[in-house]
1. Of the residues that make up the range B:8-20, is at least one more than 30 Å from B:Tyr384 (Cβ to Cβ), within 14 Å of another protein chain (Cβ to nearest Cβ) and at pLDDT 90 or above?
2. Can you go through A:Phe202, A:Phe172 and tell me which one is out of contact with any Asp or Glu (no Cβ under 6 Å at 6 or more places or on another chain) and away from chain B (no Cβ under 14 Å)?
3. Filter the range B:51-84 down to the residues that are of a type outside the set (Gly, Ala, Ser) and within 14 Å of chain A (Cβ to nearest Cβ) and list them by number.
4. If you go through the range B:120-135 one residue at a time, how many are small (Gly, Ala, Ser) and either without any contact (Cβ under 8 Å) to a residue 40 or more places away in the chain or closer than 12 Å to B:Gly213 by Cβ (or both)?
5. Looking only at the range A:145-196, which residues are under 22 Å from A:Ala42 (Cα atoms), out of contact with any Pro (no Cβ under 7 Å at 6 or more places or on another chain) and among the polar types (S, T, N, Q)?
6. Considering only residues of the range B:349-374 that are away from every other protein chain (no Cβ under 11 Å) and not in a helix (DSSP H, G or I), which is surrounded by the most Cβ atoms within 10 Å (Cβ to Cβ)?
7. Got at least one residue in the range A:152-164 being within 14 Å of chain B (Cβ to nearest Cβ), in contact (Cβ under 8 Å) with a residue 12 or more places away in the chain and more than 21 Å from A:Ala223 (Cα to Cα)?
8. Which one is surrounded by the fewest Cβ atoms within 10 Å (Cβ to Cβ), of the residues in the range A:250-269 that are within 13 Å of chain B (Cβ to nearest Cβ), hydrophobic (A, V, I, L, M, F, W, C) and without any contact (Cβ under 8 Å) to a residue 60 or more places away in the chain?
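The values are calculated or read from the model by the stated rules, or taken from the named source; none is laboratory data. No experiment lies behind these values; they were computed from the predicted model shown. Neighbour counts are summed over all protein chains in view; Cβ atoms, including those assigned to glycine, are modelled from backbone coordinates with ideal geometry.
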Amino acid sequence: MSNLFSSMLPPASAQAPFVRQGWTADRVALVHLICLLPPALAVFYGYGDGILPVIAVSAIAAVLWQLVFSVVRRRRMGLDGLVSALVFALTAGPSVPLWQAALAISFGIIVAEQVFGGRGFNFLNPVAAALAFLVFSFPTLSFDGAAQWMSVSSVPAAVVLILTRMISWRQFTGILASLLLVSLAASDGFPIAALLQGHGLFLLVFLACDPVSSASTNAGRWANGVLLGGLIWLFAPVGGLAAGPVPFVQAILLASIFAPLIDTVVVKLNVRRRRARRG
Amino acid sequence: MHFTIRQGYDVKVDGPPRQVVEDGPLVSTVALCGADFRGVRPKILVQADQAVAQGEVLFVDRHRPEVAFAAPVSGVIERIDRSTRGTFDYIVIRRDGDRTRTFDASGDVREVLLASGMWPSLIARPFGRIPDPDATPDAILVTAMDTSPLAAEPAVVISEALEEFQEGLQRLARLTAGQVFVCQAPGDPLIAAEQEHIHCVRFRGKHPAGLPGTHLDRLGLAGRPVWQIGYQAVISIGRLFRSGRPASDRVISIAGPAAGNPRLVRTVQGANLQELSAGATGGGGVRMISGSVLSGRTSSYLGFYHDQLCLLPEPPRKRGFPPGLRGYAGAAAPLLPSEAYERALSQDILPVPLMRALSVGDDETAENLGATDLLEEDVALLSYLCPSGNDYGALLRQTLDRIEAAR
């Protein structure tokens, strides 16, 4: 008899919380896509419609690989593949051969992201990996200079993404501060204008500050940012900042390899501090 | 003492309660819920159709038979829903008569609390268990503030039972050689006067400023054996010692977007939520949550430790993307390590490393990061913020259980 009754009652279930802030992975990706619209328009305005096939091919390749892994793993797929494809295509520019673009973005999505289990489980940014693949596999390829307004039109994205905490203001400030300090110390001049002329700010917002491939503690975010700024200067002293995306890609890849190490150090210090407090 | 909590979030939920206490509907059934008592293996002493008096022992902990759990009201056992693993879902009592056990109020505090079924109101940290009958804590924290969304204002409830509250504090002070800290929001002190062992501590800030996990961290008690107890349980203890009769009254907030008339009502522990939520508005069904929307649970009866009933509309069904792949659930959803989590914990604990350790079950790292200073409610904001849909409270509980078993 008691069994009959108990089946009528909902079990006391633990499935808290019953309200959520509402940021799902898809909404995060959607905000990124919207933030990418102004730079995309700037690139379209600067290069003409030659960029459209590159965007289309990258998007198809990225979504296709996401779909394949989604079906194999029986996991739902997100919109983040489109974000990766768009950032990649806008950086690569219109003169990259389509088959090379498809190959590079496939490499990025598969090797730097999907083999680890998808976005959030990876430690390298797939776009940075794809761009590095282009650089190393096709040395004859020369990147187009940045479209005018590309970086300037990324300013709203920087504001939105920082205010919504999708990218870290600590890391962003760390990059700018260390780049500024190193440049001034080396009497290279003022880097901000160069960042706004070239791919600089666009890549800082959409690649360098990717939370997945960056340090994930507050102290680590500062360190990660300072390291990034220093590496960018190392690979491209201020004169080269506006020349092309390559030094940024190299700095971002190297810094994201260090990110887990930075986090490990921060965690170790935190644990030691806790032990000391307890005595 | 005064602390300002910098961290925290203002979690907005529609339908906050009017902070005026009304008499609630007289519920016909009440129940004790097995899930409330973590780690207790119940030995049930009553059977269906048996008449029980208020304060009569329904079951004891098999491992510690002194720890008794009593009937909150006088009535007849309607049914006992036994579940697997030797515990029960609900012991339901149909209200009947007004028979009450009486206790010798001049007796030893510990013995009276154990015998009357009041003892389980105390929760021992770390690990969040009902304390052992012979244990002595370094301090007792009385949580007399509530920063959860939709909560009742404790000062309003306590103002109606000031003397009982003081009496309860006096009795609690005899359980510890250390201090009793009354943790409250800024404002008039809730204790009559500072006494040698009873102190008023004020905490200002957003949620989790009102959680005992925050309080013991600021008071420098993290990691030490500390007991926590809610302010309403203190009032009940005061009533017990003033009248000799056990008290199970609770003032709860009935609130939320689906509550027709969000308000504070006087009812009893374990009250039937269906009867309490009469008048709820919600087209597609109403979800009854015992406890806070952040860390409570869906239930048919008010939880033993809860003083909130949140009424939410039944959520819409989830859609898949792309539509053809509907139902492809993530086994382990990723977390995006954004800066937002850094304000969710009030302690000096690194949230993202902790979330990672909890979601992969890395108990050693979790313990090093400070997991044992936390209970489920302390990490509820992480689940609230995380797009992955992980329930870090449930994950923390599994980790704590394994750490405790290994000790």
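1. No; the residues of the range B:8-20 include none that is more than 30 Å from B:Tyr384 (Cβ to Cβ), within 14 Å of another protein chain (Cβ to nearest Cβ) and at pLDDT 90 or above.
2. Within the list A:Phe202, A:Phe172, the selection yields A:Phe202.
3. Listed by number, the residues that qualify are B:Ile77, B:Glu78, B:Arg79, B:Ile80, B:Asp81, B:Arg82, B:Thr84.
4. Total meeting the criteria: 1.
5. Within the range A:145-196, A:Gln148, A:Ser151 qualify.
6. B:Leu374
7. Yes: the range A:152-164 contains one or more residues that are within 14 Å of chain B (Cβ to nearest Cβ), in contact (Cβ under 8 Å) with a residue 12 or more places away in the chain and more than 21 Å from A:Ala223 (Cα to Cα).
8. Checking each candidate, the answer is A:Leu269.
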